[in-house]
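Report on the following structure.
The values are calculated or read from the model by the stated rules, or taken from the named source; none is laboratory data. On a predicted model such as this, the values are computed, not experimentally measured, just so you know. Methodologically, a virtual Cβ is constructed for each residue, glycine included, from the backbone with ideal geometry; neighbour enumeration extends over all protein chains shown. Note: accessible area is taken over every heavy atom of the protein model, side chains too, but ligands, DNA and RNA are not part of it. Shrake-Rupley method; radii C 1.70, N 1.55, O 1.52, S 1.80 Å.
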Amino acid sequence: MNAIDRLHPTVMPVYFLAILLVAMFVSNPVISLLALLGGFLFCMTQCGLREMRAELKFYIPLFLLMALTNPLFSHNGVTPLFFMNGNAVTLEAITYGAAIALMVLAVLSWGKGFGRVMTSDKLVYLFGKAAPQLALMLSMSLRYIPMLRRQAKQISRAQKVAGMYSTESYFDRLRSTFRVISALIGWSLEQAVETSRAMRARGYGLKGHTSYSNYHFRRTDALLLTLAAILLAVVLVGIGMGAVDFAYYPAISALPHTALSVAVYTAFGCLSLLPSCIELGEQIRWNYYRSKI
Amino acid sequence: MKKDILIIFCVVLVLAVLIMGTDFQSVDEYYLMHLEDITPNSETVTLSIRCDSVLTHMDKLDASLHDYIPSDGVILQPTQYVLRPGDTAFDVLHRAVRSRKIQFEYQGADQNLLGSVYVQGINYLYEFSCGPDSGWIYLVNGEFPSRGCADYALQDGDTVEWIYSCENTQYPQGGDGT
Amino acid sequence: MELLQVENLTFTYPKQTTPALQDVSFTIADGEFVVLCGASGCGKSTLLKLLKREIAPHGEKQGNIRFSGVAQSELDERTGAGTIGFVAQNPDGQIVTDKVWHELAFGLENLGVPAPVIRRRVGEMASYFGIQGWYHQATDALSGGQKQMLNLAGVMTMQPKLLLLDEPTSQLDPIAADHFIDTLQKLNREFGLTILLVEHRLEEVFPIADRIMVLEAGKLICNGTPGAVAAQLRDHPMSRCLPSAARIWAGLSVDCPCPLTMREGKDFLHTHFSHRKGAAVPVHQPILEQPVIEAEGIWFRYEKKSPDVLRDLHLTVCRGEVFSLLGGNGAGKTTTLNILAALDRPYAGKLKIQGKPIGDYSKNSLYRRNLTMLPQNPQALFLKQTVHEDMEEIRKSIPDFNGQVERTIQFFAEKYAISHLLEKHPYDLSGGELQKCALVKLLLTKPSILLLDEPTKGMDAVSKAQFAKQIAELQAEGVTIVMVTHDVEFAAQVSTRCALFFDGEIVSAGTPNEFFSDHHFYTTAASRISRGLFDNAILCDEVITLCDEK
């Protein structure tokens, strides 16, 4: 019951890039806040409340630290609060630090949610569009890594019980790790020979390779992409016309609130909140249908 | 991972404070500046700060700075200041902007690659504020000195001009640009 | 109609003087189910690989292989890859991609089949093989049985006419193996798929095959119906591999057709030996003293929030016992071994090894001349270029071995007949050989407790018989052995006591004769065949003795 997860793999990256582009290059506090709000809600729908609460323990100190670090290095601004070693600590520098921190948090939370949505399957599919060989290699590595890890555990346990380097001393542990790694290299070469044999047996290397995926580009995907494109266009036009220009130095400028800037805020807000809304809508619909049963 | 990021931030913060020191002054304390009265006997230099080249390059200027450029491009009219023994071009500038409460930011000699004090911004006007080639340079008696402003000892009667240039910062503040 | 024809095939590996295959000729008709068997190293794997051009080994080859009348070298690439399917022994080694669905589609992608057709065929196969439930899963998360089923399904999507399988069930537990064989039989019956199966566990496949072929030292010595082959092998060492019913028949001189299935075996005994009804194998209670492993109330789970794997486990093993733990997958058998070897720590309970709490063994003193474990995958014990180099390392684990290492290695090598393997690379050994070398390596530490995890996995009947002998010798020397196994027949043969593990605890235990006679399902074939006629008979030899007694 994850609506975002059902989307075609091309939709989310395009969407993600659009949000990132705007959030990173527009220094308007309203835009940053909207991006953070959208990213945080999106993360919440993907990772759950509990995980986000844990995430806050990282976000809040990071926010404070970034806000405090900026005035140490930047002394511009018309409102000095006090002087430190002959350099002004200004209100503008602190505000700017906070604004940058807001933007970083927004990017982080979007990145987290995006990472959750873009499963290895989807990444492999996207790579496959660009370079099929690379996609197969990626898929094979994803298969190998857990296998290697398991084999490493087996070897180190077998060696330990055989009495090899099994004391707890630092030197023994180092030696044992080294031995396991060198044994793993031999093992993986052996495994690679076997796999390549299995691949040949199933016709790998024949001309005219096709590629198969479980994904369909559905009407919802097209709809969503179009909607995102329209919203992004409004935002970009507004930015181009300077509707949301905002400066922190030398003085914090007044928040633009013309009709156009309000339109840009609204469009970006919609864009940013779209995935969470889709997800929440799905949840509500689901509950509604279930209550009907 | 996340903990590491926070720790790195904290370490940077603490190091920065340790290196720069913790000399706190209130705004009034900082600007409270004793200037010697000029007597007929005292050695003096003349200092001026100008940014008139911005006026011809307004299209390149940061939009937020329009209100902070004087209409005649003069931030400090040519003014005489008492020359204290050992005063450099930087010392006199520093004294002047403090007494006039002009916003000022510089990099210490230990903070940049020039190995010399570098003036980043005066009156909110910073390097690169007006195009990629813009920045502060200085002239002594109409010539570009080949030394950093904190290494240039002034002499009685010198005329120092701090000029905001929009085109030529090839020799930033007297250094050889390296 | 002949699908596959092999004429006078002789094959020699490079740098070898004796051929691996000598003058082998046979044909397989469309729709046949043929089983190829033979001892390890008889050349059966080589023969199978030669039949699939894409993976044929290098070497000198004479004779002809024809597929549907076309010489193998003339086959076009797509036919070669697609119409002859191959499933190998190791379930892990054959899986190429990270997701189940991708694995199913892999062969078809290579053949250049358009995506909509792939979708249909993959869907069809996933439904037929019962894969829908794990279609989107990572291949790594599958069990061994599921992996092998996936390999089969991945080959079947390419719609082969001939399926070659190289000991596909040797790494699987008995339930997964049965399921796999059932699926093969179904494919053969319902779709007329031609199957050539190399197998050493013949109990299940022997009765369902149309034809059995037996290779010995590269020569085809038998080629006929199961009944005929069983009769032919009656006095041959290979008779050990036959199904229990046929083995009992082979051990008795009764002139009648050879029984193959369990039911036929039962009928055979009742027809010819009903006068012996009520005969019983005498039960000897083992004398149990001097406990060396005492576990009381052991509780274990892998993670704080995961369910308990062991629940209140009580286990006492005495000196000189061979104690077998049997039970399904995930019942906690291997976990128990890991706890006995101090690799995992229980969160509650007491565990004493040789009367000393396990926590009191400092550093690696537990593993010095005391306790050791043969892992399920013995390859993990060998890290060096040769077996000998690996064995020499024992010097490091037991420092007071001065000067005697070489002599000890030679002594054990001769005793276990592995001298000719010492200079080989561990990866070049067969499963049985590797197992033997691993055992010798562990015995160098002179352990008094030996833990074995699935020791007979992938072993043929001959190696198994040798291994049983070694276990008996170790037992006579006073070594205590705790073994986890799925191999009911083997456990019945070597154990002092057997125990059934279920849901994290031992639910029944006893001497093999009591234990297997009490169980109706979890028991040996011989016990099932002789049940109702004899009491306590669990091995073919015991049944034969009871029949023969006057």
Legend entry - Cα-centred dipole magnitude for segment C:2-237, charges only on beta-carbon of K, R (+1) and D, E (-1), debye, nearest 20: 300
Inset, instruction - Can you send over the solvent-accessible area of residue B:7, 1.4 Å probe, protein chains only, in Å² to the nearest 10? - result: 90
Inset, instruction - Could you tell me the accessible area of residue A:148 in Å² (1.4 Å probe, neighbours in place), rounded to the nearest ten? - result: 60
Inset, instruction - Could you check what % of the DSSP bridge pairs in the protein assembly as shown are antiparallel, to the nearest 5? - result: 60
Inset, instruction - Quick one: work out the % antiparallel among DSSP beta bridges in chain C, nearest 5. - result: 50
Legend entry - Paramagnetic reach from residue A:193 (point 7 Å along Cα→Cβ, amide N under 19 Å) across segment C:415-443: C:421-435
Inset, instruction - Roll a 1.4 Å probe over the protein chains and send me the accessible area per residue for segment C:268-386 in Å². - result: 51
Inset, instruction - Compute for chains C and A the buried accessible surface, both sides summed, probe 1.4 Å, and express it in Å² to the nearest 100. - result: 5200
Inset, instruction - Kindly tabulate the residues in segment A:37-70 with an accessible-area decrease of at least 50 Å² between the chain alone and the assembly of all protein chains, using a probe of 1.4 Å. - result: A:58, A:65
Inset, instruction - Please work out how much accessible surface residue C:301 shows to a 1.4 Å probe, ignoring ligands, DNA and RNA, in Å² rounded to 10. - result: 80
Legend entry - Calculated from backbone phi, Karplus (6.51, -1.76, 1.60) coupling profile of segment B:61-78 in Hz, x at Gly/Pro: 6, 3, 4, 6, 9, 3, 6, 9, 9, x, 5, 9, x, 9, 8, 9, 4, x
Inset, instruction - Considering the options C:127, C:18, C:484, tell which one lies farthest towards the positive end of the dipole of chain C, charges being +1 on Lys and Arg and -1 on Asp and Glu at the Cβ, about the Cα centre. - result: C:484
Legend entry - Probe 1.4 Å, accessible area per residue of segment C:108-266, Å²: 38
Legend entry - Relative contact order computed over chain C (Cα-Cα under 8 Å; 6+ residues apart), in percent: 14
Legend entry - In sequence order, calculated HN-Hα J values of segment C:155-165 (Karplus, 6.51, -1.76, 1.60; Hz; x Gly/Pro): 6, 5, 4, 7, 6, x, 8, 10, 10, 9, 10
Inset, instruction - Can you tell me the 0 to 90 degree angle between the C-alpha axis of helix A:120-130 and the longest principal axis of chain A, rounded to 10? - result: 80
Inset, instruction - Please find, in a Gaussian network model of chain A (springs between Cα atoms separated by less than 10 Å), the residue of A:88, A:192, A:98 whose mean-square fluctuation is greatest. - result: A:192
Legend entry - Fraction of accessible area attributable to carbon and sulfur, segment C:453-550 (%, probe 1.4 Å): 50
Inset, instruction - Using R₀ = 35 Å, calculate the FRET efficiency as 1/(1 + (r/R₀)^6) where r is the Cβ-Cβ separation of residue B:156 and residue B:110; round to 0.05. - result: 0.70
Legend entry - Net lengthening on full extension, residue B:43/residue B:59 (0.36 nm per residue, minus Cα-Cα): 1.6 nm
Legend entry - Gap separating the Cα centres of segment B:20-91 and segment A:1-69, nearest whole Å: 45
Legend entry - Nearest-0.05 FRET efficiency for residue C:465 and residue C:284, computed from C-beta distance (R0 22 Å): 0.50
Inset, instruction - Calculate the spin-label point distance for residue B:84 paired with residue C:311, positioning each point 7 Å from the Cα along the beta-carbon direction, and give it in nanometres. - result: 8.5
Legend entry - FRET efficiency estimate (nearest 0.05) - Cβ-Cβ, residue C:15 to residue B:13, R0 45 angstrom: 0.05
Legend entry - Candidate lysines for bridging to residue C:277, where Cα separation is under 19 Å - those fewer than 8 sequence places away on the same chain excluded: C:266, C:550
Legend entry - Per residue value of the accessible surface for chain A (all protein chains in place, 1.4 Å probe), Å²: 49
Inset, instruction - Might you report the magnitude of the Cβ-based charge dipole of chain C about its Cα centre, with Lys and Arg at +1 and Asp and Glu at -1, to the nearest 20 debye? - result: 660
Legend entry - Extension gain, residue C:70 back to residue C:270 (0.36 nm per residue minus Cα-Cα distance, nm): 66.9 nm
Inset, instruction - Quantify, in whole percent, the carbon and sulfur part of the accessible surface of segment C:2-237 (1.4 Å probe; protein heavy atoms only). - result: 48
Inset, instruction - Give the percent of DSSP beta bridges with both residues in segment C:291-535 that are antiparallel, rounded to the nearest 5. - result: 50
Legend entry - Dipole moment magnitude, nearest 20 debye, the protein assembly as shown about Cα centre, only Lys, Arg, Asp, Glu C-beta charged: 3180
Inset, instruction - Rank these by accessible area, largest first, 1.4 Å probe: C:190, A:55, C:423. - result: C:423, C:190, A:55
